[in-house]
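The numbers here are math on the coordinates, done by the rules we state, and not lab data. Keep in mind it's a predicted model, so treat the numbers as computed, not measured. Cβ: placed from backbone, ideal geometry, glycine included. Neighbour counts: every protein chain shown.
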Amino acid sequence: MGWRGVRKGFGVGFLLLSSIIGLWYGAAYVLFGRWQAIIALVVFVVAFRGLIWAFDIMWGRPPAFSKRPWERPWEQESRRPPGG
């Protein structure tokens with residue numbers, strides 16, 4: 001594995017860890033916080049998007065922030081005949 005793989009691994013690990021912490025922080029303050037509930041809700045949403053982004057990076061898909069994330073050309077059927 002080259003430096004690109006190491007960097008990608010650390011980036012995905014950091015995103016996953018920070019997203020999990022953000023989800024717990026957001027959930028706790030939404031349930032038990034008073035004035036922090038609005039900030040916690042924003043943190044919760046951002047952490048959830050970070051989690052999705054980390055899995056997109058890990059699986060090699062384009063970021064979910066693209067205009068059409070459901071269009072993945074490599075998952076569509078090939079136009080070549082089988083065995084060709």
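So here's what we get for this one:
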item	result
Matching residues, segment 25-44, being under 17 Å from the mean Cα position of the chain (by Cα) and surrounded by 13 or more Cβ atoms within 10 Å (Cβ to Cβ)	26, 43, 44
Pairs where the first residue, in segment 40-62, is under 15 Å from residue 21 (Cβ atoms) and the second is outside any helix (DSSP H, G or I) and of a type in the set (Gly, Ala, Ser), C-beta under 7 Å, 6+ apart	40/33
Close pairs (7 angstrom Cβ cut-off, 6 or more residues apart or separate chains): touching a residue at least 40 places away in the same chain (Cβ under 8 Å) and under 8 Å from residue 47 (Cβ atoms) in segment 12-26, of a type in the set (D, E, K, R) and surrounded by fewer than 18 Cβ atoms within 10 Å (Cβ to Cβ) anywhere	none
Number of positions in segment 12-42 that are over 19 Å from residue 55 (Cβ atoms) and not aromatic (Phe, Trp, Tyr)	13
Residue list for segment 1-11, restricted to those being surrounded by 12 or more Cβ atoms within 10 Å (Cβ to Cβ) and either more than 21 Å from residue 52 (Cα to Cα) or free of Cβ contacts under 8 Å to residues at least 12 places away in the same chain (or both)	9
